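First up is the structure itself, then whatever we jot down about it.
The values are calculated or read from the model by the stated rules, or taken from the named source; none is laboratory data. Remember, it's a predicted structure, so these values are computed and weren't measured experimentally. Glycine also receives a Cβ, built like all others from the backbone with ideal geometry; neighbour counts cover every protein chain displayed.
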Amino acid sequence: MSHVSEMWCCHWKWKLQHCLYLFTLYIICMQQAAHGCYNCRTTLTDPSGVFTSPCFPSDYPNSQACKWIIRAPHGFIIQLTFTDFDIEEAPGCIYDSLTLDNGESPMNLCGITAKGLSYNSTGNEMIVSFKSDFSIQKKGFNASYVRIAVSLRNQKVIIPQDPDVDAVSVAETVLVPELSQFTLCFEATKSSSDDNDDWKIFSYTDASSKEFFSFGKTIKGHFLSISDAQCILDNALPRNAEFFTETFEQLCLIGDSFSGTIGVYAKSTYHNTYCPDMFGKVIPGNGRLVLGSNSNEVSSLNGDIYNFRLWNFTMNAQTLANLSCDVKGNIVDWENEFWSIPTSALKAENNLSCGSYLIPSSTIEPTSCANLGSLCQATVNATTPTPPTVTTNMPDTNRTDKPNNGGLFYRISITVFSYNSNSESKVHDVIAEWLNHTFQNWNYTVYVVNISIQPGSLKEGVREKRSIDSKSFGVLALLVYNATNNINLEEQDIRQKLINNNESIAEGYRLHTVDVDPVEKCLAEENPPNYFWPDTRPTVTNFTFCHGSSVQIASRTCYLGLQNYTSYWGQPDLRNCTENAADIANQLLNLTGEGQQLTSDKVNDVVQKLKKIVNDEEIDESLGSTVVTIFSNILNSSDSVLAASSSEALKTIDALALKIQFTGPSMSISTRNLALGVSSINSTSFQGSSFSVSPQNNASDFQIDFDKDQANAFASVVLPPSLLKNLSQDDFEVISRAQFTFFNKNGLFQDAETPANLTSFVVACSIGNITIQDLQDYVKITIKHTKIQEDPKPTCVFWDMSKNDGNGGWNPMGCNVQPESNENETVCLCNHLTHFGVLMDLQGTATEIDSQNTKILTFITYIGCGISAIFSAATLLTYIAFEKLRRDYPSKILMNLSTALLFLNLTFLLDGWIASFDIDGLCIAVAALLHFFLLATFTWMGLEAVHMYIALVKVFNTYIRRYILKFCIIGWGLPALVIAIVLASTNKEASHVYGKELYGKDASGQGGDDFCWIKNKVVFYVTCAGYFGIMFLLNVAMFVVVMVQICGRNGKRTNRTLKEEILRNLRSVVSLTFLLGMTWGFAFFAWGPLTLPFLYLFSIFNSLQGLFIFVFHCAMKENVQKQWRRHLCCGRFRLADNSDWSKTATNIIKKSSDNLGKSLSSSSIGSNSTYLTSKSKSTTNTYCKRSSHT
């Protein structure tokens, strides 16, 4: 029985153990499942998003430790909103809690406090941490976040007292134009501790730091200075001891140089001050505007400045009275992109006049917490400061959009009686609270934008004066309704909503009157003449076509004034309108007339205005003649003045010729420097055409003829009958005109990349707006030279707009010089149409190589480089494959030289093929690589010479640690450093140094192939020619020294005949010549009558350098031959493994001098000089050291 009981107990004991095991496993699995229901440690970088507590909306698990990092780019802040929030509640949030780190001070949240609240970060990062303990779980939270750009409207600038350190200035990208009229408004404060009566608020200077515009105060009073004239403004300012105090005051200054008056608008009053010295004073453009003083002689205002705005027109008193924050300065505005402000000078505030922020909230003690638990939700109030954001609404309304999208606006006027307080701020808080509560969760999507309080009552929108004992207050509020579903909201509905909610207003306050009116539209008007603006709702911008144009757009915005909630029209934006193009053209004609000094900026401005006229207006013959005359006047300017705008000018002239309207078969316009001719053509019956320009008798203009050649013409173009033969059907049908242009002056055609000079006039020809190229019958162009050329070497070229990064350049492709050309004129045949000219090789820089020799040299070069690459690879593989061959220094140096040669030849062979892809970045990379391997080849040839000098001349006591490593640093690092310096000096414009060029042109500039190489001649001559020159001189010197040493040693031999000595020395000379790159010196002698033969020698020997190095320094070396025979041969040619390498050191030393004459890059030199500190070369111990040291 006891045995059975014992078994029974054991059974239950075993069963209980397993039950406990299963129960524990279940608990662990449940916890893991709970812990794994949400990934709550992550970084959020999207512009907006949502995240929740684990398992939301179910209860969050216990023992959680979550962390969300919300990160935005610099310049943004994070706004976090809790749409739902329920975390275990406890004093001090000691159990479960959410910690919010906004970058300033972490805060702990729990209970339901944070539901519906928003929090802003102080920087571009916010960290949210959540933890839960082992018991009591709640629903958790649901949070949304959005990144918000920081606005300058919410920040003031502390005027720096040291402008040299922290200057606050208008950004360099903002160009201030010349101002003859202006309106300038800003707000400023002045520290009460500043007793200085000599200061400036702003200063405007030119490039030479000469001041032209400033405002400040001296002992005489407040002043405005323009150029050298100063106007005292104290009579126009309110009669106070100090206008600027510790609170912001707005000041507007209005200047008009045509009347000599300065207007001042301050404290809602406008006064004019006549300053005769200001008459005709103009503020020059392109200066630097600085807040504070720009001079050490006068201090800056010790205070703050805000909302600095500048316009290039004057505003009247009514416009200034209605001036709102939405009216942006068209020259300078208070926005981030207009200013360059150091961080130390910025300070955010929430009570700025144009700041955008949430109406703040404050905590009000609840009367009952029965429904909210022990912690109550804070209510919204309008006075407690909160961090600024970019919204301007009360946050607890049903806002779905911003107020500037054309919503409906309502003006709410309320008179309220207060029985408890006469404080305006207290009334403001109560009304804000009440309005927020009234419109919350209404059927209409509305929100209150702004609230203002005035003592006294409001009647018909006019503020009455307030008596001392009055407890009535007038309240103005602006309500915005976003009619998303096209549901009308009547003002009566708003009024009834407010009256029905009268009882909910705070105790001690009573509504007296409530009026609701829709904000009026801006009424239709015509301003300026011919511009009609229909009725427009506030904040809506209306667009219309410019007068007389179907392309250009004018705009005008209906603004909403937040001071009195009325609408008003802004100034029409006519910047895109050319308005009477003929009048503008006549003004430009006077501006560029004879005697006018034009700068580069003025020329560029004129060209841009002409471009706008040509592109946007209808061009008749009269307007076209004026435009051509303006361009002719511009051409009188120097080349340096024309350089910046030449490309745009040529494009505009081409567009003018294409667009000008005319009647009859042709029209022509002739001026002193430019002639334009347009001829109508019939594409179906076209039989060729011609155009010529010749001088007129007793006139400075030119005579233009169509279809008739002039004997003494400056230029003529003959179009063949087959000109239109290969056009597509679409192009064929649209052709209606041929355009011809003649340039008497060539200032618009500047090509720094072409060394030859333009010695002829320039003539252009085009057919309609299509491209004519690859003609079967050539176009014949005859152009007179500007000077007689005694020994002409002309090249027919055309102006290629795609060259030089779109700036244009001369290109000879498709044009040939005809034998009938002479010293007076050049005849060209071209297979395309464009701008044509003649280049002369006045300095003799063009090669005198005919096309046949060019082809032969190209063939030799490519075949030789291919062979050189193959044998350089063979040399390199031989030394890599056989370890015994690369034990000494010369072999390792030879391997590096072969590597450089191999990649130099491969890059050269692939260069032309890569250039055909026309990918600029790829071509630049290939050109830089070719440059690098060329310099590396030069460097390793120089290092070969240096090593031979050390090995053969300075044999003793020249031990160098890490010998090969130092050589490699020089051999590869020095070329890399040169390339890096070249690229760094380009200022991120590598295309100015490397790129695709046409090489291999013949004497007439024809033929050639695209090749990726160095474009900049200075870089080429310094880093290639100069670099090689240094290496070449070094190698020549080493060549002479080494040959003297070899001949001296071999001369001591008595067991050789004279013939053997001569042959041995000759082989040493040849091997050293190719090893040290002496054949590259042929390039220095390719001048004059010896050009062609030396070019042949250069091409043959240099392209085959890899082959000769393989023959003399690899194939003819005895130890290389033995390794080949031992590992690559079979049968009787195979060499036994121990046939040679077991010889004693004495025998090797004995042979070393013999091997010296065979190859100076052989291991024999290494056996004599590898271990350079040895005193003796005759012991076995020394030999072992040398052969084993690497």
Quiz item: Is it the case that the stretch 570-593 has a residue that's under 17 Å from residue 674 (Cβ atoms) and of a type outside the set (A, V, I, L, M, F, W, C)?
Solution: yes
Quiz prompt | Residues being among the small types (Gly, Ala, Ser), over 26 Å from residue 77 (Cβ atoms) and surrounded by 15 or more Cβ atoms within 10 Å (Cβ to Cβ) - total across the stretch 106-145 | solution = 2
Practice problem: Could you check, for the stretch 230-238, whether at least one of its residues is in a strand (DSSP E or B) and either β-branched (Val, Ile, Thr) or in contact with a Gly (Cβ under 6 Å, 6 or more places away or on another chain) (or both)? | Solution: yes
Exercise. Check every one of the helices (runs of 4 or more DSSP H) wholly within the stretch 559-661 and list those with 2 or more residues that are of a type in the set (S, T, N, Q).
Key: 581-591, 600-616, 621-634, 646-659
Practice problem: Please verify whether the stretch 769-778 includes one or more residues that are touching a strand residue (DSSP E or B) at 6+ places or on another chain (Cβ under 7 Å) and within 27 Å of residue 672 (Cα to Cα). | Solution: no
Quiz item: Identify, please: which residue in the stretch 737-750 is within 23 Å of residue 690 (Cα to Cα) and not basic (Lys, Arg) and is, among those, surrounded by the fewest Cβ atoms within 10 Å (Cβ to Cβ)?
Solution: 746
Quiz prompt | Selection from the stretch 728-750 of residues that are touching a residue at least 24 places away in the same chain (Cβ under 8 Å) and polar (S, T, N, Q) | solution = 736, 739, 741, 744, 746, 750
Quiz item: Is it the case that residue 538 is of a type outside the set (Asp, Glu), in contact with a Leu (Cβ under 8 Å, 6 or more places away or on another chain) and assigned to a loop (DSSP other than H, G, I, E, B)?
Solution: yes
Quiz item: Considering the stretch 274-297 alone, what residues qualify as being farther than 27 Å from residue 195 by Cβ, part of a loop (DSSP other than H, G, I, E, B) and either without any contact (Cβ under 8 Å) to a residue 60 or more places away in the chain or touching a Ser or Thr at 6+ places or on another chain (Cβ under 9 Å) (or both)?
Solution: 275, 279, 280, 281, 282, 284, 287
Practice problem: Name, by its number, the condition in (1) part of a loop (DSSP other than H, G, I, E, B); (2) within 24 Å of residue 538 (Cβ to Cβ); (3) at pLDDT 75 or above that does not hold for residue 441. | Solution: (2)
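Every residue, every condition in (1) under 20 Å from residue 274 (Cβ atoms); (2) surrounded by fewer than 20 Cβ atoms within 10 Å (Cβ to Cβ); (3) at pLDDT below 90; (4) not assigned by TED's automatic domain parsing to the domain that holds residue 296, yes or no:
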{"residue": "181", "(1), (2), (3), (4)": "yes, yes, yes, no"}
{"residue": "192", "(1), (2), (3), (4)": "no, yes, yes, no"}
{"residue": "217", "(1), (2), (3), (4)": "no, no, no, no"}
{"residue": "228", "(1), (2), (3), (4)": "yes, yes, yes, no"}
{"residue": "234", "(1), (2), (3), (4)": "yes, yes, yes, no"}
{"residue": "251", "(1), (2), (3), (4)": "yes, no, no, no"}
Self-check item: Tally of residues being surrounded by fewer than 18 Cβ atoms within 10 Å (Cβ to Cβ), among the hydrophobic types (A, V, I, L, M, F, W, C) and in a strand (DSSP E or B) across the stretch 67-90
Solution: 1
Practice problem: Kindly establish whether residue 127 is modelled with pLDDT under 90, within 43 Å of the chain's Cα centre (by Cα) and not in a loop (DSSP other than H, G, I, E, B). | Solution: no
Quiz item: When you look at residue 1110, is it at pLDDT 80 or above, assigned to a helix (DSSP H, G or I), assigned by TED's automatic domain parsing to the domain that holds residue 855 and under 45 Å from the mean Cα position of the chain (by Cα), yes or no?
Solution: no
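Let's see how each residue does on (1) at pLDDT 90 or above; (2) within 18 Å of residue 747 (Cβ to Cβ); (3) surrounded by 17 or more Cβ atoms within 10 Å (Cβ to Cβ):
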{"residue": "596", "(1), (2), (3)": "no, yes, no"}
{"residue": "603", "(1), (2), (3)": "yes, yes, yes"}
{"residue": "610", "(1), (2), (3)": "yes, yes, yes"}
{"residue": "616", "(1), (2), (3)": "no, no, yes"}
{"residue": "621", "(1), (2), (3)": "no, no, no"}
{"residue": "627", "(1), (2), (3)": "yes, yes, yes"}
{"residue": "647", "(1), (2), (3)": "no, yes, yes"}
Quiz item: Picking from 670, 683, which residue would you name as being at pLDDT below 90, within 29 Å of residue 721 (Cα to Cα), touching a Phe, Trp or Tyr at 6+ places or on another chain (Cβ under 7 Å) and not assigned by TED's automatic domain parsing to the domain that holds residue 589?
Solution: 683
Quiz item: Do we find a residue being within 23 Å of residue 144 (Cβ to Cβ), at pLDDT below 85, of a type in the set (S, T, N, Q) and not in a strand (DSSP E or B) anywhere in the stretch 51-66?
Solution: no
Practice problem: Could you list, in sequence order, all residues of the stretch 585-594 that are buried (at least 18 other Cβ atoms within 10 Å of the Cβ) and either more than 17 Å from residue 638 (Cβ to Cβ) or within 30 Å of the chain's Cα centre (by Cα) (or both)? | Solution: 585, 588
Practice problem: Go through the stretch 194-220 residue by residue and tally those that are among the hydroxyl-bearing types (Ser, Thr, Tyr) and closer than 14 Å to residue 232 by Cα. | Solution: 2
Quiz item: Only one of (1) crowded, with 18+ Cβ neighbours inside 10 Å; (2) assigned to a loop (DSSP other than H, G, I, E, B); (3) of a type outside the set (Val, Ile, Thr) is not met by residue 324, so which one is it?
Solution: (1)
Self-check item: Index of the failed condition, residue 270 passing every other in (1) out of contact with any strand residue (DSSP E or B) (no Cβ under 6 Å at 6 or more places or on another chain); (2) in a strand (DSSP E or B); (3) within 19 Å of residue 180 (Cα to Cα)
Solution: (3)
Quiz item: For the stretch 298-305, does any single residue satisfy the condition of being assigned to a loop (DSSP other than H, G, I, E, B), at pLDDT 85 or above and closer than 20 Å to residue 176 by Cα?
Solution: no
Quiz item: For residue 753, which of the numbered conditions (1) in a loop (DSSP other than H, G, I, E, B); (2) buried (at least 19 other Cβ atoms within 10 Å of the Cβ) fails to hold?
Solution: (2)
Quiz prompt | Residue in the stretch 893-914 that is in contact with a Lys or Arg (Cβ under 9 Å, 6 or more places away or on another chain) and of a type in the set (Asp, Glu) present | solution = no
Quiz item: Looking only at the stretch 606-620, which residues are among the polar types (S, T, N, Q) and within 10 Å of residue 655 (Cβ to Cβ)?
Solution: 615
